[in-house]
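Bear in mind that the values in this text are calculations on the coordinates, not laboratory data. Values in this document were obtained by computation on a predicted structure and should not be read as measured data. Neighbour counts are summed over all protein chains in view; Cβ atoms, including those assigned to glycine, are modelled from backbone coordinates with ideal geometry.
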Amino acid sequence: LAKTRADIEFIELSIAQEEETPLYRQIFKRVRDAVISGQLRTGDRLPSSRTLAKELGVSRNTVSLAYEQLAVEGFIECRVGGGSWVAKIPGGIIDMFTNLGTDECDGSPGPRPRKTSNRASLITATPIEEKWPARRHNHPLAFRVGLPAMDLFPFDVWSMTVGKTARAENKALAVRTDTSGLRRLREAVASYLALSRGVICSSEQVLIVPGAQGGLDLTLRLLLDAGEKALIEDPSYLGIRGALVGAGAKAVPVPIDDEGFDIAKGEALAPDARLAVVTPSHQFPMAVTMSLKRRAMLLEWANRMGGWIVEDDYDSEFRYASRPLSPLMSLDTEGRVIYIGTFSKVIYPALRLGYLVVPEDMIDAFVALQRFSNASPPVFEQAVVASFIEQGHFARHISRMRQVYKSRGESLRSLLAERFGDLAPPAVPSAGMHMILPLQDCVCDQLVARCAAELGVDVRPLSMYSMREKRSPALALGYACVPESRMAASLDKLMQAIRAAVK
Ligand SMILES: Cc1ncc(COP(=O)(O)O)c(C=O)c1O
């Protein structure tokens, strides 16, 4: 029996003009829910689009759109000139809709557990820098670890390069290029690495990736099977731990000492591991350099095990006392090293551009994984960086920043010696962009860092980076981003935070 218009009112078809959901979608949903709940049954007639539009105060098109969608999804049938009515829907389908969200066993409503991989809970539990309280401020705070001197970046030159690239190359860049990156940039990186790092590679071996993090993720997923062990430094960069979890691998932390990572300890801890992730040029966060002996031992291990060394060379551009040390990649004769570099420290971190250098026989595997995980950064930014390098701005900027960071590091070190007389001041930094300030044993570094964040200073507790190794409390202080004029005032805040934490 066909229902009348009066029956239709029973669906309470009111709509809210101010809701974000489009009006046609609201009408669609009300009618659909009425069909599913049984308020409307097979054969029930719907009002004509003209009538319903008038009643609801909406355009006829809106109602027609809703009816069309209901018809496409099979809830109603419409005939031109013959009106619209509720379609015959097999009982099972309505039951399926009705049972959504109820427990099949006892019929009680409520969501069922949502089964995910173990990886999902492990990755959620992995500490993440962005959740650190200092990051809640909407501008970067003094001493943020890893942040370059944004006050001195040549944004005017950069903007000119962006403009020129857009005018001259936009059309050419609109067409997808090589998965592994813009050829010009890969060539520029290969030449830069040969000159500055002694890494001799072809541009084919260079893959442009979304930052060092993107490179780590690709490398670990490609080289490790789920459940495999990987040796990592303890303490270590959180991004390395996270990428290992993402790859389904197990991190085996190896304690760092004055000579950096020790493969002999690693081998004793996990004789079956065949991959190690290291920061040999400037260990993160302990800021030590891996000795030549340890480098030789690590390479020997990789050859003997048929293993892999992932070399994260994140800030090697900044060495003040001597020339940068040769990376493991340049000492490797057997193709056992994957080298990772980044533009985050030498241009800026939000650019999200980095690069991998991979052994020749691994190019195809890397490029395939890069293609299928869409890990190719936008090509426009790649073209801008290529021009920035080709025109000499990049080399000029690095050499200027080397002077600036050296001087900022020395200033911070002497201010620390002056103000924190009771603590052993860190050594004058010979490399990098951060230093480690040891605290008294009775102080909790996490608490100090939290108090400091409230006062507007971003220092990282060393314990945040430690896994198994219990270390004395200490803070990591990034000095590259702090102009000398702001250093003393920021240190005053840090002293205040330490006092508050000791109380
Ligand atoms: C040791 C280390 N590796 C990698 C990275 C990540 O660099 P990117 O911004 O290129 O992902 C950082 C960033 O701070 C780092 O400290």
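Cross-link check: pairs Lys229/Lys470; Lys131/Lys503; Lys29/Lys115 evaluated at a Cα-Cα cut-off of 24 Å; pairs beyond the cut-off: Lys131/Lys503; Lys29/Lys115. The distance from the alpha carbon centre of segment 451-497 to that of segment 200-246 is 27 Å, rounded to a whole number. With Rh defined as the Kirkwood radius, the inverse of the mean 1/r over Cα pairs, the Rg/Rh of segment 120-241 is 1.01.
The translational diffusion coefficient of the chain, from Stokes-Einstein at 4 °C and 1.567 mPa s with a Kirkwood hydrodynamic radius over alpha carbon pairs, comes to 48 µm²/s. Neighbour counts of other Cβ atoms within 10 Å put Lys115, Lys164, Lys406 in the fewest-to-most order Lys115, Lys164, Lys406.
Taking other C-beta atoms within 10 angstrom as a stand-in for reagent exposure, Phe261, Phe318, Phe28 fall in the order Phe28, Phe318, Phe261, fewest first. Considering helices alone, the calculated mean residue ellipticity of the chain at 222 nm is -13500 deg cm²/dmol, with DSSP H runs of length four and up weighted by -39500 (n - 2.57) and normalised per residue.
Rg ratio for segment 192-301: its Cα radius of gyration over 2.2 N^0.38 Å, N being its residue count, equals 1.09. Each Lys and Arg Cβ is given +1 and each Asp and Glu Cβ -1; about its Cα centre, the chain then shows a dipole of about 840 debye. On a straight-distance basis, which aspartates and glutamates could pair with Lys171 in a cross-link, Cα separation under 19 angstrom, same-chain partners fewer than 8 positions away excluded? Result set, ordered by chain and number: Glu381. Each 10 Å bin from zero up to the one holding the largest Cα-Cα distance in segment 247-291 carries the following percent of pairs: 27, 52, 21, 0.
Taking only the Cα atoms of segment 36-103, the ratio Rg/Rh comes out at 1.04, with Rh defined as the Kirkwood radius. Panel order for Ile340, Ile389, Ile498, Ile94, by other beta carbons found within 10 Å of each beta carbon, from fewest to most: Ile94, Ile389, Ile498, Ile340. Scoring 214-223, 171-180, 441-450 by mean Cβ neighbours within 10 Å over their residues and listing the highest first yields 214-223, 441-450, 171-180. Taking all Cα-Cα distances within segment 269-341, those exceeding 15 Å account for 51%. To check you understand DSSP bridge types, tell me what percent of the beta bridges within segment 284-425 (both residues inside) are antiparallel, rounded to 5. Expressed as a percentage, antiparallel bridges in segment 284-425 total about 50.
Computed from backbone phi, the HN-Hα couplings of segment 118-130 come to 4, 4, 4, 6, 5, 6, 5, 7, 6, x, 9, 4, 5 Hz, rounded to whole numbers (Karplus: 6.51 cos²θ - 1.76 cosθ + 1.60, θ = phi - 60°; Gly and Pro given as x).
Restricting segment 51-160 to GluC sites (Glu not before Pro) that sit in a DSSP loop and have at most 13 other Cβ atoms within 10 Å of their own Cβ leaves Glu73, Glu104. Output the antiparallel fraction of DSSP beta bridges having both residues in the chain, as a percent to the nearest 5. Among the beta bridges of the chain, antiparallel pairing accounts for roughly 60 percent. Computing Rg and the Kirkwood Rh from the Cα coordinates of segment 337-489 gives a ratio, Rg/Rh, of 1.06.
Convex hull of alpha carbon positions in segment 420-503: directionally averaged projected area 5.8 nm².
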